[in-house]
């Protein structure tokens, strides 16, 4: 049983998928998110700052080009239609030329996303699925930028509950720093966890990243926020905004 080509986690025995369950769940969620990102990008066509000049002194167009391209739909449709053409050919389905044209770009985006989600279990068995997953991830990242969705990369930990023989829930559960022993419920599988237990499980899961703010780390390790901040600075703990890599934090503390 080889490792997942995306994240190098161990895949479950007897699975036909060539990637691990978390990566499979993630690509499905990214596909399902595309229609909403396409819609949200419509409201982000104006730049965040008034368009009178750039670093070069040139006037800007006054338009969010990333959002404009995404709203036009081609970024989504060109990619997904190419993969859909391949899937249809290999599965001996009706070719795209015989599929009725949708009445709008929004409907076209929804139709191709629905197709990809329906055929995803088969797709994950193909030897090209790692390339597919990476291209979907890049497309989703473009959509996030176009829709100006800035997701906190961390104070959410994937729910580790096993929901079937080959599947983990993986719904992102928020982790708050004020009380790590206060029970929280997973909105998908309804399992109850404490943030402390979620962090502990994530810390022992190969490849799982845990990024928390100073307050949450302080509550988890039992140190003051001042002490945590000093350790992060002294040991050069990797940082994203106001969030720190907890795995690196613990390793650096006990290896020093």
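A few comments on the model shown:
- Residues satisfying the stated conditions in segment 213-226, i.e. surrounded by 14 or more Cβ atoms within 10 Å (Cβ to Cβ) and free of Cβ contacts under 8 Å to residues at least 60 places away in the same chain: 213, 214, 215, 217, 218, 219, 220, 221, 223, 225
- Counting residues in segment 236-256 that are surrounded by fewer than 16 Cβ atoms within 10 Å (Cβ to Cβ), farther than 26 Å from residue 28 by Cα, modelled with pLDDT of 85 or more and out of contact with any strand residue (DSSP E or B) (no Cβ under 7 Å at 6 or more places or on another chain) gives one or more.
- Exactly one residue among 184, 210 is surrounded by 14 or more Cβ atoms within 10 Å (Cβ to Cβ), modelled with pLDDT of 85 or more and touching a helix residue (DSSP H, G or I) at 6+ places or on another chain (Cβ under 7 Å), and that residue is 184.
- The one condition in (1) in contact with a helix residue (DSSP H, G or I) (Cβ under 7 Å, 6 or more places away or on another chain); (2) in contact (Cβ under 8 Å) with a residue 60 or more places away in the chain that residue 115 fails to fulfil: (2)
- Of all residues in segment 23-66, those satisfying the criterion of being part of a helix (DSSP H, G or I) and modelled with pLDDT under 85 are 40, 41, 42, 43, 44, 65, 66.
The values are calculated or read from the model by the stated rules, or taken from the named source; none is laboratory data. Just so it is clear, the model here is predicted, and its values are computed rather than measured. Counting neighbours? That spans all protein chains shown, and the Cβs are built from the backbone with ideal geometry, glycine included.
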